[in-house]
Structures are given as C-alpha cells and as structure tokens.
Amino acid sequence: MSDAVTQRTEREDFQATRDPAVMESADTGQVNLLTYAELYRLWERQHWATQDIDFTQDRIDWHERIDPDERFQRMYGLSSFFIGEQKVTDELGPMMRAMPQEDMRIFLSTQIADEARHVAFFNRFYEEVGVLESDTLAGRLEETSEHLNPNFHTLFDEMLHSRVDRLAREPEDLETLVETITLYHMVIEGMLALTGQHFIITYNEDQGTLPGFVEGFNKIARDEHRHVAFGARFLREMAQHDSRYADAIQRTIVECGPAADGVLAPPWYEEGMEVFGVSLEETREFAMKALERRLKVIGLAPVA
Ligand SMILES: [Fe+2]
Ligand SMILES: [Fe+2]
C-alpha cells in the first residue's frame, strides 16, 4: 500500500472496523472480526451527516483550479461512485431479508441507511459545487451515466441485479445469498470502491483540492470498511459451515473478475496512462492485496 493510504487506514476509526484489508495481522489469517452486534454498535458511534460538510472551497476548486480536461477525467470516478451507491442502495432490501439470523438483518438494515447517505453525499456535492446542468437527483444520475464504461453495467445491472432478483423470489436460497454477498461486499465494495476511494482521497490531498469532498469521502470509506467487515464475517461463517459455500465464494470471484477489472479503467483509458496519479497496475495490485487479506481471514487463501 502507498504510505498515504497506510497512514489513513492506521487511523483508530479505520482500525476499529477490523476489515482484514486494514489489519497487518490478516497476512497470517489472524483477525478478530467483530460480531454482528459489535458492528451495529460501531455504526451508532460512526454516524455523520452530509449536511455538515462545507463545499464552498470545492466549488472554487472545481471551476477555477481544475481545468476542463481534468474535470472530464474526474467525472469517471465521480459518476461510478454516485451511480454505484444508488444501485447498491436499491439492491440491499432482498439481501437483508434473506439473511438467516436477526443480528445479520439488523446490521444490513444499518447498511441500507449508509448507502442512502452515500447517494445523498454525492447528490449534495454535485448540487453545491455545480457539476451538472440537471437540478434533481434523478436528472443528475441520468446525466452523469454517460461517463460509465460497459463493464460497470455488466457488474451491476447483470451480475448483481440477477442474483438479487433470485433472492427476492427465493429468500431461503443461501447459496445465492453467499454469491451475492461475495459480489457485493468482497468485489464491489472491497476491491473496487475502497481501492478507488483510497487513491482518489490521496490524489486530492496531494493536489490540495476538494477539501469538503475529501472529508465526506473519508467517512464513506470508513463506512465501507465496516460493511466489508460484515461481509468477511458472514462469508467466513458460511464457508466453515459447508464447503459448498466456500466453492460459491471462489466461483463468484472468478466469474466476476474480468468485469470488475474492467471497471478499474475509464472508457478513455490508454495503455500506460495514470489515473488519479497511479498506474493501472498499482491500482490492481492494491485491489488484489485487499482481496487476498480478506480471503485469508475467511479461510480461503493460503496464509503467509
Ligand atoms: Fe456506499
Ligand atoms: Fe457499502
């Protein structure tokens, strides 16, 4: 991990989530994952409000300090997150209902609120900073969708959506639930969202741009680490319970790998380009390291 990212993830509030990716001990498979009840209590302690964030300087930076080419490039990251947060908010209901235990359902209910807050954060950023022409949530989502790449749709609208539809029809189908949590918590949140978040935060810190955005995005990243910690605990329990579920986790990661990897590169990407100050190889390496640590803790990867 880059030094700036390591410094951030070593912060007490990030460490408090015990997401294996922020714990060095995960390299040997040793992390005391929080219980579902402890994760719930951490959620209560880690609340924040999008309306407390001041975007005054962000508005100046966006219009006066960031040139049009860079604004266009930044739209890929912003759009993927804004629409990604909206899609995961909308998909969580059936996953929550399909969870086999009450404390799991309670935690996933908190996550629905978090994902809604993440949508509200982006909506407010777009509004206060004046990023788009549209002046409604639906209009902004529509307008910003032109920046996405086709892999994004494969991952969210096909792979995730079809599994959630199956869960909505058959909430007792635990194998589909394991596949869905693998795709949502390990791949989308764990590999993609957190990788993008850490590099985008570091890039803005280095450039001295968008301080309000950085403040909120740090809080979103902390929420995501808490969500992934829930996913790691759930998948570890399921994999220990039955090897059929361990197979389902591995199968899903292999199946979603190419689309997930495709999301890391913007549509305008050309070989050798840097995106948010890092190469695509460095981005991939970071995402894979985080996945490896989590799989070790779940019990599915050889430990160092
Ligand atoms: Fe989120
Ligand atoms: Fe999340």
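Points worth noting:
- Residue within the stretch 56-64 that is surrounded by 21 or more Cβ atoms within 10 Å (Cβ to Cβ), part of a helix (DSSP H, G or I), more than 20 Å from the chain's Cα centre (by Cα) and among the charged types (D, E, K, R) present: yes
- Sole residue being within 30 Å of residue 36 (Cβ to Cβ), out of contact with any Cys (no Cβ under 9 Å at 6 or more places or on another chain), small (Gly, Ala, Ser) and away from ligand 2 (no atom under 16 Å from the Cβ), chosen from 98, 138, 116: 98
- Pairs where the first residue, in the stretch 272-298, is at pLDDT below 90 and the second is buried (at least 17 other Cβ atoms within 10 Å of the Cβ) and of a type in the set (Asp, Glu), C-beta under 6 Å, 6+ apart: none
- Residue check for residue 234: in a helix (DSSP H, G or I) and either more than 18 Å from the chain's Cα centre (by Cα) or within 22 Å of residue 80 (Cα to Cα) (or both): no
- Hits in the stretch 220-278 - residues which are crowded, with 20+ Cβ neighbours inside 10 Å and charged (D, E, K, R): 222, 223, 224, 226, 233, 236
- Figure legend. Inter-residue proximity from the stretch 4-23: first residues among the acidic types (Asp, Glu), second residues not in a helix (DSSP H, G or I), beta-carbon distance below 7 Å, spacing 6+ or different chains. Indicated pairs: 13/46.
- Residues of the stretch 186-199 satisfying the condition of being more than 11 Å from ligand 2 (Cβ to nearest atom) and either modelled with pLDDT of 95 or more or farther than 18 Å from residue 266 by Cβ (or both): 186, 187
- Within the stretch 88-139, if we keep just the residues that are part of a loop (DSSP other than H, G, I, E, B) and in contact (Cβ under 8 Å) with a residue 60 or more places away in the chain, the residue that is surrounded by the most Cβ atoms within 10 Å (Cβ to Cβ) turns out to be 131.
Conditions (1) of a type in the set (Gly, Ala, Ser); (2) at positive phi; (3) away from ligand 1 (no atom under 16 Å from the Cβ), marked per residue:
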residue: 160; (1), (2), (3): no, no, no
residue: 165; (1), (2), (3): no, no, yes
residue: 192; (1), (2), (3): no, no, no
residue: 196; (1), (2), (3): yes, no, no
residue: 220; (1), (2), (3): no, no, no
residue: 231; (1), (2), (3): yes, no, no
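- Residue count, the stretch 168-218 (criterion: of a type outside the set (Lys, Arg) and more than 21 Å from residue 73 (Cβ to Cβ)): 25
- Which numbered condition residue 31 fails, given (1) more than 16 Å from ligand 1 (Cβ to nearest atom); (2) outside any loop (DSSP other than H, G, I, E, B); (3) at pLDDT below 95: (2)
- Count of residues meeting criterion [farther than 19 Å from residue 148 by Cα and aliphatic (A, V, I, L, M)] in the stretch 77-134: 13
- Pairs where the first residue, in the stretch 172-191, is in a helix (DSSP H, G or I) and the second is away from ligand 1 (no atom under 16 Å from the Cβ) and among the polar types (S, T, N, Q), C-beta under 6 Å, 6+ apart: 179/252; 182/252; 183/252
The values are calculated or read from the model by the stated rules, or taken from the named source; none is laboratory data. These numbers come from a predicted model, not from an experiment. Methodologically, a virtual Cβ is constructed for each residue, glycine included, from the backbone with ideal geometry; neighbour enumeration extends over all protein chains shown.
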